[in-house]
């Protein structure tokens, strides 16, 4: 079966669950662009934002390491739109970089209610991200 965002979404839902799933492409311009969303009303396709020099961007987009937070404080520490995220009832997040070699192509982003993820879920998400490189090229 070919890999698609829908197949990744389905597999992630079965493995560790999510209430919001998005995929972002990291553009050469330094912006990130939403290329998949499970909630187009809250987070529409094509939404772009500049990559800011934050601890989150250095960890995920520069070093290619996952970000995991299981509470509202962790969400607020990482995201400028934390009020919106928390307002949607989301308080746990896993962001995993999609890479090709050492290059970060983008991220897969899974969110759910606070306390909804375990550290081992990050490994499951990273495994799914390893399948997504062809989708972000």
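The values are calculated or read from the model by the stated rules, or taken from the named source; none is laboratory data. Quick caveat, the model's predicted, so the values are computed rather than measured. Cβ placement follows ideal geometry from the backbone for every residue including glycine, while neighbour counts extend to all protein chains displayed.
Could you say which residue among 25, 15, 34 is more than 25 Å from residue 137 (Cα to Cα) and surrounded by 12 or more Cβ atoms within 10 Å (Cβ to Cβ)? First the steps, then the outcome.
Details: 25 fails: more than 25 Å from residue 137 (Cα to Cα); 34 fails: more than 25 Å from residue 137 (Cα to Cα).
Just one listed residue meets the conditions, 15.
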Open item on the list: Could you go through the stretch 80-92 and let me know if any residue there is surrounded by fewer than 18 Cβ atoms within 10 Å (Cβ to Cβ), in a strand (DSSP E or B), modelled with pLDDT under 95 and touching a strand residue (DSSP E or B) at 6+ places or on another chain (Cβ under 9 Å).
Closed with: no
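Does residue 25 qualify as being within 12 Å of the chain's Cα centre (by Cα), more than 15 Å from residue 93 (Cα to Cα) and touching a residue at least 12 places away in the same chain (Cβ under 8 Å)? Spell out the reasoning first.
Details: within 12 Å of the chain's Cα centre (by Cα): yes; more than 15 Å from residue 93 (Cα to Cα): yes; touching a residue at least 12 places away in the same chain (Cβ under 8 Å): yes.
For residue 25, the condition - within 12 Å of the chain's Cα centre (by Cα), more than 15 Å from residue 93 (Cα to Cα) and touching a residue at least 12 places away in the same chain (Cβ under 8 Å) - is met.
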Task: Among the candidates 70, 95, 109, residue that is surrounded by 15 or more Cβ atoms within 10 Å (Cβ to Cβ), on the phi < 0 side of the Ramachandran plot and in contact with a helix residue (DSSP H, G or I) (Cβ under 7 Å, 6 or more places away or on another chain) - done: 95
Task: Failed condition for residue 33, given (1) touching a residue at least 24 places away in the same chain (Cβ under 8 Å); (2) touching a strand residue (DSSP E or B) at 6+ places or on another chain (Cβ under 7 Å); (3) under 21 Å from residue 84 (Cβ atoms) - done: (1)
